[in-house]
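K.L.:
Below you will find the structure I want to go over with you.
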Amino acid sequence: MLRDQDKSSLLALFAPVQVMTDLAELVTYETDAGIGRGLPDAVVFANSEEELVKLARWSSERHISLVARGAGTSLSGGPIAEQGGIVVEFAQMNRIVELDVKGKSAVVEPGLLNLKLDDSVRKFGLYFPPDPSSQRASTIGGNVAENAGGAHCFKYGVTTNYVLGLRLVLASGECIQFGGRAFDYPEFDLMGLVVGSEGTLGLITSIDVRLIGNPPAVKTMMAAFDSVEQAGGAVSALIAAGLMPATMEMMDQKFVRIAEDFAHAGLPIDAGAILIIEVDGYPSSLNRQIEEIVEVLRPNGARDMRFANTAEERDKIWYARKSVPGAVSRLAPSYYLVDITVPRSRLAHTLERTDEICQNLGLRVGYLLHAGDGNLHPMILIERLEDPVHLDAVHKAAAEIVHVGMEERGSLTGEHGIGNEKREFMPLMFNPAELSAMWDVKQIFDPDGLLNPGKVFPFAPSVPARTIDLQIPENDVLAPRSPTEAADLLAGLSAAKRRVRIGYKPVPSGETLLSTSALAQVIEYAPDDLFITVGGGMRVSDLQAFLARDHRWVPIVSAWPEATVGGILASNVNAPLRMRYGSVRDVVLAMTVALADGRLIRAGRPVIKNVAGYDLQKVFVGSHGALGLIADATLRLLPEPRARRTLLVELSSASAGLDLAMQAATQSLVASAIILRRGSFGRCELTYTAEGVSLDVEAELEQARRVMQSRGMGEPRVVEQPSGSDRWAAALGNVDPQMLLVRVGVPPKDLATYFEDVKVTLSDSWFLMDAAGGLVYAAANPGDLSAARSWLEALEEPTLALGGYSTVMQIPERWDGKLEMRRAKPQSFALMRALKAKWDPAHILVSHFFDV
């Protein structure tokens, strides 16, 4: 209960209509869409960031908890005030602050509805892919808090793949910007920890979202099967054939029937299960995509295949699918919706075991499945709401299903979150070292535990004690042969307080090099589940050669032949193909990391959808070895593109090329690179690569040609190889080691403005621009250290006003240790330093973030 003086001071901070304390009104905030309960002491309707700062400071002074709430569509108890306190309601913070069509991004407030954002950007030919079933009601802030997925994440990914930056009010009242509208900020990816943190780390005030081109055409089909298992086999066959539909949704017979009775969409009610499959792209490619899918489905048991020929028919199918949870009341008064994810190849076995559990307990169950990503939702029918024995059986079944998910190497939750519903199961998925690493994150953001207390963690974990009986050699180079050995070495090195660098290059006297050269093997290869686990020391080129035999690949390109998987992840260097496939952080499903203090943690799981706990693997991407050693990584696989072609056009100047490049980027759908490279005599070459389905590539290149012709350009050259990303890699890889190499990042919409500001500085420099990424790579050979600093300052200064950055990628040996990698510290630097102190308390890992 709020004390009278606390209540009075709260009412003094806000207008009367913004504060709710009446018991009858508070009851409406007692629950979410799940079954948990928790009555708040008050509800505050925030209107602005300034008000959230005031509220957080008030809360901190009085030690009163804050629970963020969007639309209350959570199913795991996340926004419930289980321990009382203040519910922070974001319904009034619901604006699109800025829509950047040219740069394909937007700034939105957390209370904006998901569907409102998607509808708004589609008018400009853009698309926000995360589409949870609650899309009509859920908010973007809630989607970020839960890392929401949806039907289309098999092809397009989940919410974290579309968050570029956010502003967060900490429990102390401090407001911090993480990331922003540019790409690849040189800082720890703390934003990746906030996404999916369920409101336990801060109050989000605004979100920078990434948008993509809206596919101009979509085709939807349904296929009937005799059983759920048969439909699951068909999904595996489609993946094995290298096909990537936009979505593959499955419903069993119980739910097909109630959905059809409710929505009248023409669903085949005699089927044991149905698949809803959707393809998208340019209109010319859809029929061929569907034909290939039918060719695979037919021999795998599909029958009664139907196709939506109009937008109305497609909308009916999706309305039926997304209405199932509401329509279930026709079968029973209520239901318990379980949410787990398993690798796709284990889906059929998981369903069999779930059926057995429910049959043994006398319960009826139906299935909704995001079949493409292994996320299944058994809906256990609650037929007697007042029968405690029946309710106990329902909860027992749910717990046993979660255990099955763990035994099948899956995740506790694919999209609903942990909340208070599944916190007791966290030790099933995470060992004490992993839970304590997550708790460290909670402690640096919210040391007093005021933000959504009691959620995610079943208890306050402690760092497990370790006894290391290991004689640390005095060698300058140590190469552990296993993750455990790496953790033991780091624990010993910490005890000895020996300075350590992770990598492969020679280190200064008095320091030890920790090499991953002995961690270069393929650990697990699962082509049917589209993942591979490799040691951190495996070279990227060796990885791609291994996968090429099965026409698979990981969308990572390195500019340096010796680059390792761990090195690319730690440095977060992204080729232009990120515009097509996302950045390297987006292809990492899991990793094993030896922290500097000797803890060995496994972050993530080999599944696309996993929202259990904090997304720890994100923070190691771009950490430059400051926190630990990446011993292995599990990466998402893709089929090799069916086609890849490149347009080349020579232009009179970089300014003219940028204007053309940005127009082409705005209209792109399957482009994987749009780069400008300085040529001879002040001229510039534009490279435009498209890849994917053959007919989509043809359509996109024809569209790009028309843009060029409208600008009076000649006919571009068309080449199969090398691609734009290959050209980027060759150009960067050939920069003389004695030259100073810098990367500048600005919001893509501001790239032309930035270039005009620095083109005089770059007049005698080599440069390359990634137009879609808003990145400029520049190299020069200044005569002395003073000239080098002046050159760097001239490149960095204009980025500050644009919300960008500059970072040095290569320093000549003669200036090593004398130039900072980044002069302007990020707003999150204090949190970065605090996390470093938690995981590397002896400060043994040398890093340019803290040591130059």
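K.L.:
Can you name every residue in the range 413-457 that is part of a loop (DSSP other than H, G, I, E, B) and within 23 Å of Thr592 (Cα to Cα)?
P.N.:
Matches in the range 413-457: Thr413, Gly414, Glu415, Gly417, Ile418, Phe430, Asn431, Val456, Phe457.
K.L.:
Right, next: On the phi > 0 side of the Ramachandran plot and at pLDDT 95 or above: is that true of Gly157 in this structure?
P.N.:
no
K.L.:
Continuing with the same structure: Look at the range 144-171 and say how many of its residues are β-branched (Val, Ile, Thr) and touching a strand residue (DSSP E or B) at 6+ places or on another chain (Cβ under 7 Å).
P.N.:
The qualifying residues number 3.
K.L.:
Among Leu647, Leu629, Leu658, which is part of a strand (DSSP E or B), surrounded by fewer than 24 Cβ atoms within 10 Å (Cβ to Cβ) and not aromatic (Phe, Trp, Tyr)?
P.N.:
The conditions single out Leu647.
K.L.:
Filter the range 464-479 for residues that are in contact (Cβ under 8 Å) with a residue 60 or more places away in the chain and surrounded by 15 or more Cβ atoms within 10 Å (Cβ to Cβ) and give the result.
P.N.:
Scanning the range 464-479 gives a single hit, Ile468.
K.L.:
Something else about it: Identify, please: which residue in the range 204-256 is within 20 Å of Arg344 (Cβ to Cβ) and of a type in the set (S, T, N, Q) and is, among those, nearest to the chain's Cα centre (by Cα)?
P.N.:
So, considering only residues that are within 20 Å of Arg344 (Cβ to Cβ) and of a type in the set (S, T, N, Q), the one nearest to the chain's Cα centre (by Cα) is Thr247.
K.L.:
Next question, about the same structure. Pairs only if they're at least six apart or on different chains, beta carbon under 7 angstrom, first in the range 389-416 and closer than 14 Å to Gln359 by Cα and of a type outside the set (Asp, Glu), second open to solvent by less than 10 Å² (accessible area, probe 1.4 Å) and part of a loop (DSSP other than H, G, I, E, B); list them, first residue then second.
P.N.:
Partner pairs satisfying both residue conditions: Ala398/Val338; Ile401/Val338.
K.L.:
If you scan the range 70-82, which residues turn out to be open to solvent by 10 Å² or more (accessible area, probe 1.4 Å) and either among the aliphatic types (A, V, I, L, M) or at pLDDT 95 or above (or both)?
P.N.:
Ala71, Leu75
K.L.:
Going by what's in this entry, would Leu10 be described as touching a residue at least 24 places away in the same chain (Cβ under 8 Å) and either assigned to a loop (DSSP other than H, G, I, E, B) or surrounded by fewer than 22 Cβ atoms within 10 Å (Cβ to Cβ) (or both)?
P.N.:
On the way: touching a residue at least 24 places away in the same chain (Cβ under 8 Å): yes; either assigned to a loop (DSSP other than H, G, I, E, B) or surrounded by fewer than 22 Cβ atoms within 10 Å (Cβ to Cβ) (or both): no.
No; evaluated as a whole, the condition is false for this residue.
K.L.:
Also, quick follow-up: For the condition without any contact (Cβ under 8 Å) to a residue 12 or more places away in the chain and either farther than 20 Å from His416 by Cβ or open to solvent by 10 Å² or more (accessible area, probe 1.4 Å) (or both), what is the one hit in Glu356, Glu313, Glu292? Outline the logic, then answer.
P.N.:
Numbers: Glu313 fails: without any contact (Cβ under 8 Å) to a residue 12 or more places away in the chain; Glu292 fails: without any contact (Cβ under 8 Å) to a residue 12 or more places away in the chain.
The conditions single out Glu356.
K.L.:
Moving to a separate point now. Being closer than 17 Å to Asp315 by Cβ, among the hydrophobic types (A, V, I, L, M, F, W, C) and touching a strand residue (DSSP E or B) at 6+ places or on another chain (Cβ under 6 Å) narrows it down to one of Met250, Met221, so name that one.
P.N.:
Going through Met250, Met221 in turn, just one is closer than 17 Å to Asp315 by Cβ, among the hydrophobic types (A, V, I, L, M, F, W, C) and touching a strand residue (DSSP E or B) at 6+ places or on another chain (Cβ under 6 Å): Met221.
K.L.:
Checking Lys497 against (1) surrounded by fewer than 16 Cβ atoms within 10 Å (Cβ to Cβ); (2) on the phi < 0 side of the Ramachandran plot: exactly one of these is not met. Which one?
P.N.:
(2)
K.L.:
Take the residues of the range 508-532 that are open to solvent by less than 10 Å² (accessible area, probe 1.4 Å) and touching a residue at least 60 places away in the same chain (Cβ under 8 Å): which is farthest from the chain's Cα centre (by Cα)?
P.N.:
Only one residue tops the list, namely Leu514.
K.L.:
Out of curiosity, is Phe90 of a type in the set (A, V, I, L, M, F, W, C), in contact (Cβ under 8 Å) with a residue 24 or more places away in the chain and open to solvent by 30 Å² or more (accessible area, probe 1.4 Å)?
P.N.:
Answer is no for this residue.
K.L.:
If Leu792 passes every condition in (1) of a type in the set (A, V, I, L, M); (2) open to solvent by 40 Å² or more (accessible area, probe 1.4 Å); (3) not in a strand (DSSP E or B) but one, which one does it miss?
P.N.:
(2)
K.L.:
Scanning for something open to solvent by less than 50 Å² (accessible area, probe 1.4 Å), free of Cβ contacts under 8 Å to residues at least 60 places away in the same chain, farther than 26 Å from Leu762 by Cα and in contact with a Lys or Arg (Cβ under 7 Å, 6 or more places away or on another chain), does the range 661-680 turn up at least one residue?
P.N.:
No - not one qualifying residue is present in the range 661-680.
K.L.:
Can you report the number of residues in the range 401-412 which are crowded, with 18+ Cβ neighbours inside 10 Å and in a loop (DSSP other than H, G, I, E, B)?
P.N.:
3
Listed here are the residues, each with its yes/no results for (1) assigned to a strand (DSSP E or B); (2) at pLDDT 95 or above; (3) not hydroxyl-bearing (Ser, Thr, Tyr).
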{"residue": "Val294", "(1), (2), (3)": "no, yes, yes"}
{"residue": "Asp304", "(1), (2), (3)": "yes, no, yes"}
{"residue": "Glu313", "(1), (2), (3)": "no, no, yes"}
{"residue": "Pro325", "(1), (2), (3)": "no, no, yes"}
{"residue": "Ala332", "(1), (2), (3)": "no, no, yes"}
{"residue": "Arg346", "(1), (2), (3)": "no, no, yes"}
{"residue": "Leu351", "(1), (2), (3)": "no, no, yes"}
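K.L.:
Just name the residue that is surrounded by the fewest Cβ atoms within 10 Å (Cβ to Cβ) out of those in the range 240-253 that are in contact with a Leu (Cβ under 8 Å, 6 or more places away or on another chain) and under 23 Å from Arg288 (Cα atoms).
P.N.:
Ranking the candidates gives Met244 first.
K.L.:
Give the residue, chosen from Glu720, Glu756, that is closer than 29 Å to Pro641 by Cβ and surrounded by fewer than 18 Cβ atoms within 10 Å (Cβ to Cβ).
P.N.:
Within the list Glu720, Glu756, the selection yields Glu720.
K.L.:
Answer yes or no as to whether Arg717 is over 30 Å from Lys836 (Cβ atoms), out of contact with any Leu (no Cβ under 6 Å at 6 or more places or on another chain) and not β-branched (Val, Ile, Thr).
P.N.:
So Arg717 fails the test.
K.L.:
Taking only the range 544-573 into account, find how many residues are part of a helix (DSSP H, G or I) and free of Cβ contacts under 8 Å to residues at least 60 places away in the same chain.
P.N.:
Number satisfying all stated conditions: 5.
K.L.:
If only one of Ala465, Ala487 is in a loop (DSSP other than H, G, I, E, B) and either modelled with pLDDT of 95 or more or closer than 20 Å to Trp839 by Cα (or both), which one is it? Even if it seems obvious, please write down each step before you answer.
P.N.:
On the way: Ala487 fails: in a loop (DSSP other than H, G, I, E, B).
Result of the check over Ala465, Ala487: Ala465.
K.L.:
If you check every pair at least six apart or on different chains, which have Cβ atoms under 7 Å apart with a residue in the range 638-649 that is in contact (Cβ under 8 Å) with a residue 60 or more places away in the chain first and a residue that is in a strand (DSSP E or B) and of a type in the set (Asp, Glu) second?
P.N.:
Arg644/Glu691; Leu648/Glu685
K.L.:
Moving on. Residues of the range 644-658 being over 17 Å from Leu768 (Cβ atoms) and modelled with pLDDT under 95, which ones?
P.N.:
Within the range 644-658, just Ser652 meets the criteria.
K.L.:
Out of curiosity, is Pro333 surrounded by 23 or more Cβ atoms within 10 Å (Cβ to Cβ), more than 17 Å from Met244 (Cβ to Cβ) and free of Cβ contacts under 8 Å to residues at least 60 places away in the same chain?
P.N.:
no
The values are calculated or read from the model by the stated rules, or taken from the named source; none is laboratory data. Given the structure is predicted, the values throughout are model-derived calculations rather than measurements. Because the Cβ atoms are built from the backbone with ideal geometry, glycine has one as well, and the counts that use them run over all protein chains shown. Ligands, DNA and RNA are stripped out before the accessible areas are found, and what is left, the full protein with its side chains, is counted by its heavy atoms. Shrake-Rupley method; radii C 1.70, N 1.55, O 1.52, S 1.80 Å.
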